[in-house]
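The next block holds one structure in the form of structure tokens; read it before the comments.
The values are calculated or read from the model by the stated rules, or taken from the named source; none is laboratory data. Please read these numbers as outputs of a predicted model, since none were measured by experiment. Cβ placement follows ideal geometry from the backbone for every residue including glycine, while neighbour counts extend to all protein chains displayed. These area figures cover heavy atoms from the full protein model, side chains too; ligands, DNA and RNA do not enter into them. Shrake-Rupley method; radii C 1.70, N 1.55, O 1.52, S 1.80 Å.
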Amino acid sequence: MIVVLLGPPGSGKGTQAKRIVSEKGWPHLSTGDMLRTAIKSGSEVGVQAKKFIDQGMLVPDELVVDLIGDRMKASDCSHGFVLDGFPRNVTQAVVLDQMLQAEGKGVGRVVLFDMTDESLVRRLAGRRTCSQCGAMFHVETLKPTREGVCDQCGSALIQRSDDQVDVIMNRLKVYHQQTEPLIKFYREQLKLVSLDAHQAAGDVHRSLARALE
Ligand code: AMP
């Protein structure tokens with residue numbers, strides 16, 4: 001099955017995607033992770049993307065479509081995958097449908113992570129991310145055992161440049177303006193299931209698993 005996780009930044013899509021893919025054995029395709037890897041590597045794509053990411057804006061469609069299009073062709077994607085952070089606007093959703101249709105495939109289910117802006121700001125502003133493995137912590141709700149150190153790999157925890165409050169506000173604005181129209185787009189295709197992303201992580205996981213049955 002091809003699954004799209006849709007929702008605002010900070011609603012827990014990435015964390016839940018990691019858990020569900022490890023259970024189902026599907027690849028996890030996160031455009032945010034791909035772009036951050038490109039930035040770290042210093043590639044041309046990374047240099048271009050960083051300018052947009054640091055301002056909380058969307059990276060140009062051509063750039064992410066190329067990245068995701070290449071990744072979807074890999075053999076591990078042949079039986080399905082989970083898209084996290086893509087599509088982010090209607091243009092990307094239409095291109096995704098075209099790319100999948102060309103292979104006789106289609107999006108099977110879209111799960112909306114529903115959350116208020118107030119909760120999102122609290123989550124994102126307190127989020128700390130491992131500089132090496134990407135594991136996520138929170139200064140109040142998910143503290144690491146040793147302050148500033150990742151429990152999983154021992155590397156330093158950082159605050160992502162796009163998790164600063166002014167950038168968070170921009171990311172939410174962009175979500176409401178550009179990504180939210182996808183709710184209507186997928187609802188009309190009868191593919192949308194929504195879950196309450198304010199719940200505890202275990203409950204969100206159970207809701208997600210039910211949505212994918
Ligand atoms: P994320 O980790 O999914 O929150 O993505 C971090 C940032 O990467 C976003 O704020 C955007 O600047 C960029 N980004 C990720 N996915 C996309 C996408 N599908 N289209 C455009 N920009 C994206």
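Quick look at the numbers
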{"read-out": "Residue in the range 136-143 that is surrounded by 14 or more Cβ atoms within 10 Å (Cβ to Cβ), of a type outside the set (A, V, I, L, M) and closer than 24 Å to A49 by Cα present", "value": "no"}
{"read-out": "Filter result for D54 (open to solvent by 70 Å² or more (accessible area, probe 1.4 Å) and either at pLDDT 95 or above or more than 14 Å from the chain's Cα centre (by Cα) (or both))", "value": "no"}
{"read-out": "Neighbours by Cβ (under 8 Å, 6+ apart or cross-chain): first from the range 146-173, more than 19 Å from Q132 (Cα to Cα); second in a loop (DSSP other than H, G, I, E, B) and open to solvent by 50 Å² or more (accessible area, probe 1.4 Å)", "value": "V167/D54; V167/Q55; N170/Q55; N170/M57"}
{"read-out": "In the range 188-210, the residues that are small (G, A, S) and not in a loop (DSSP other than H, G, I, E, B)", "value": "S194, A201, G202, S207, A209"}
{"read-out": "Qualifying residue in the range 173-194 (condition: within 15 Å of the chain's Cα centre (by Cα) and at positive phi)", "value": "no"}
{"read-out": "Filter result (over 19 Å from D66 (Cβ atoms), within 13 Å of the ligand (Cβ to nearest atom) and open to solvent by less than 10 Å² (accessible area, probe 1.4 Å)) within the range 17-40", "value": "A17"}
{"read-out": "Answer residue from the range 73-96, given it is among the hydrophobic types (A, V, I, L, M, F, W, C) and in a loop (DSSP other than H, G, I, E, B) and is farthest from the ligand (Cβ to nearest atom) among those", "value": "A74"}
{"read-out": "Residue that is nearest to T15 (Cα to Cα), among those in the range 67-95 that are open to solvent by 40 Å² or more (accessible area, probe 1.4 Å) and under 17 Å from the mean Cα position of the chain (by Cα)", "value": "R88"}
